[in-house]
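Written out below as structure tokens is the structure these notes cover.
What follows draws every value from the coordinates through simple rules; no lab data is involved. Worth saying up front: this structure is predicted, and the values here are computed from it rather than measured. With ideal geometry, Cβ positions are generated from the backbone for all residues, glycine too; neighbour counts draw on all protein chains shown.
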Amino acid sequence: MNREKEVLKIEHISKGFDQLNVLDDISLTVHEGEIIVIVGPSGCGKSTLLRCLNGLEAVDDGHVYLGEETVNPSVKNITRIRERIGMVFQSYDLFPHKTILENVTLAPMKVQKRKRAEVNEEAKKLLERVGLSAKMSQYPRQLSGGQKQRAAIVRALIMHPEVLLFDEVTAALDPEMVREVLDVMLDLARQNRTMLIVTHEMAFARAIADRVIFLDGGHIVEDSDPGEFFTLPKTDRARKFLNTFTFDTVNKEI
Amino acid sequence: MGFEVLFKGTNFIRLLEGLGVALRISMISVGISIVLGMILGTLMSLKNPVITVLSRIYLEIVHIMPQMVLLFIVFFGFSKVMGINIPAEASAIIVFSFWGTAEMGDLVRGCLISIPMIQYESSYALGMRRSKTYLYVIIPQIIRRLIPLSINLITRMIKTTSLIMMIGIVEVLKAGQQIIEANRRTSPHVAFGVFATVFLLYFLVCWPISQLSKYLEKRWS
Ligand SMILES: Nc1ncnc2c1ncn2[C@@H]1O[C@H](COP(=O)(O)OP(=O)(O)OP(=O)(O)O)[C@@H](O)[C@H]1O
Ligand SMILES: [Mg+2]
């Protein structure tokens, strides 16, 4: 692994919907093995940013590069590029008509044209690692939310992506299932994966991040290391944002 | 009970022939409706304003007009007004396809828009191109939803074919009536026996179809 190697390069991108300017001149470079956590208030454009990175959304201005390649929905080799970027979404997005194993093996076989036997073997290994061996031949509807998200992570991993994008993957889960999914991501961190993670789990963000990006009003307001960001944020906006996660003791009137 | 009449001469064969006519007309109409309905449903899901208005009008006509009226218009009306003589069976197929295409189109549109956007996007995110996304992700889901619904439509079409005797086609109900007319004097209970048999024949055709749909629904839900 080469910490100097630039995996993703985001240069001055802007993106708007109708009148609304969602991303305004964002630049960011992601190095190999780096884990960047993106936080910010609801609607500040975190999902839009991730979606621009794998070409689900087109940027209005600026460029996104994966290695040497330009990422944009309209480039001819966009599917090739997307193979190299894994993405896991907030909603459970497994294919409901396929078993867990089939969900995981579909893209490697149909997109990468890998052999079924080899793909099955790797899928089983990966599913076992996230504790889903027993669920392989079940359908998504038979799984809990946390199990579905773990399967969705495996489905992205089996493509051997160079970078993984996580968009609030625990936000739709019941509280008792959040942990099992975060543990899988911590395990990925130990494997030195390159990851961009959008999350509202602040304790998790602090534990996993190499860098924290605070996004607000379409700008990167802070880009700091987690220790600094969570104890001494540089800006008032970040301080206000972090305060929304803490509660003061209630002083009852007598 | 009147069942003995069925074993006289060719009576039972005539009933079966009538059933054959009804099935032939409904199967051809179902085939046409499925193909055209898929096209119509896909077009309707595109949300093009012109297509939306036109298809709305078409669906309304089909919903408002009794099939019998449509049959009369095509069979009698066209020949009177335009001098085109459309044979009875062809008229029946035209009317049933006109009706079935509307219903099928509506079903297909409903299934298409019920597939959430995230299904497409998570497939794209895996590097699947549009054609593969449709082939492996979207269409299989649509078919699973569509089959039970369209089987329901097929059984309704089979049952509605009894209307075509109104334009002179001898289908199973008409054949039954003819047998009753001819035997009323000799066997007073003929009506019961014949209608019970007709009921049984419809049942034998439609029941397995609806069982199949129930089975598929269970397996895929
Ligand atoms: N396809 C779209 N069309 C129009 N507006 C959109 C579209 N997608 C997002 N937006 C708007 O862009 C803004 C940013 O949305 P985005 O989903 O990126 O925010 P977010 O930071 O991910 O929010 P959350 O924390 O709630 O997930 C929001 O105001 C949203 O309403
Ligand atoms: Mg979001």
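Numbers for the structure displayed
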quantity	calculated
Candidate lysines for bridging to A:Lys252, where Cα separation is under 29 Å - those fewer than 8 sequence places away on the same chain excluded	A:Lys240
The protein assembly as shown - Debye-derived log10 I(q)/I(0), Cα point model, q = 0.09, 0.11 Å⁻¹	-0.76, -0.94
Within segment A:80-154, trypsin sites (Lys or Arg not before Pro) in DSSP loop having at most 15 other beta-carbon neighbours inside 10 Å	A:Lys113, A:Lys115
Sequence-distant residues sharing a close amide H with A:Gln138 (under 5 Å, placed H)	A:Ile100, A:Leu101
Averaged over B:137-146, number of beta-carbon atoms from partner chains that fall within 10 Å	2
10 Å Cβ shell holding at most 10 others, DSSP loop, GluC sites (Glu not before Pro): longest site-free stretch of chain A	A:69-252
Among B:Asn48, B:Pro188, B:Phe3 - extreme Cα towards positive end, dipole of chain B, charges at beta-carbon	B:Asn48
Alpha carbon convex hull of chain A, volume per residue in cubic angstrom	162
For A:Met87, distant residues with modelled amide H under 5 Å away	A:Leu165
Compactness index (Cα Rg / 2.2 N^0.38 Å), segment B:1-97	1.49
For segment A:140-239, with +1 on Lys and Arg beta carbons and -1 on Asp and Glu, the positive-most of A:Asn192, A:Pro226, A:Ala207 along the dipole	A:Asn192
Global form of chain B, assessed from the alpha-carbon gyration tensor, a/c cut-off 1.5	oblate
In segment B:1-90, GluC sites (Glu not before Pro) in a DSSP loop with at most 10 other beta-carbon atoms within 10 Å	none
Residue-averaged beta-carbon neighbours from other chains (10 angstrom radius) around A:86-93	4
Using θ = phi - 60° and Karplus 6.51 cos²θ - 1.76 cosθ + 1.60, couplings along segment B:70-75 (whole Hz; Gly, Pro as x)	4, 4, 5, 4, 6, 6
Whole-Hz ³J(HN,Hα) from phi, Karplus 6.51 cos²θ - 1.76 cosθ + 1.60, for segment B:194-206, glycine and proline x	6, 5, 4, 5, 4, 4, 4, 5, 4, 4, 4, 7, 7
HN-Hα J in Hz across segment A:87-96 - Karplus 6.51, -1.76, 1.60, θ = phi - 60°, x for Gly and Pro	9, 10, 9, 5, 7, 6, 10, 4, 7, x
Trypsin sites (Lys or Arg not before Pro) restricted to segment B:159-220 and DSSP loop, no more than 14 other C-beta within 10 Å	B:Arg184, B:Arg185
Cβ charges +1 (Lys, Arg) and -1 (Asp, Glu), total dipole of the protein assembly as shown, debye	2320
Listed pairs A:Lys5/A:Lys98; A:Lys9/A:Lys135; B:Lys132/B:Lys159; A:Lys15/B:Lys47; B:Lys80/B:Lys159 exceeding 27 Å between Cα atoms	A:Lys5/A:Lys98; A:Lys9/A:Lys135; B:Lys132/B:Lys159; B:Lys80/B:Lys159
Most fluctuating residue given options B:Leu200, B:Leu135, B:Leu16, as computed from a GNM of chain B linking Cα atoms under 10 Å	B:Leu135
Check: segment A:142-254 dipole with +1 on Lys, Arg Cβ and -1 on Asp, Glu Cβ, in debye	140
Segment A:1-24 and segment A:112-137: distance between their alpha carbon centers, rounded to Å	33
GNM flexibility winner over chain A from A:Ala117, A:Ala172, A:Ala107 (Cα, springs under 10 Å)	A:Ala117
Unit charges on C-beta of K, R, D, E only; dipole of segment B:3-220, Debye	420
Which of B:Gln67, B:Gly37, B:Ile13, positive extreme of dipole for segment B:1-82 (C-beta unit charges)	B:Gly37
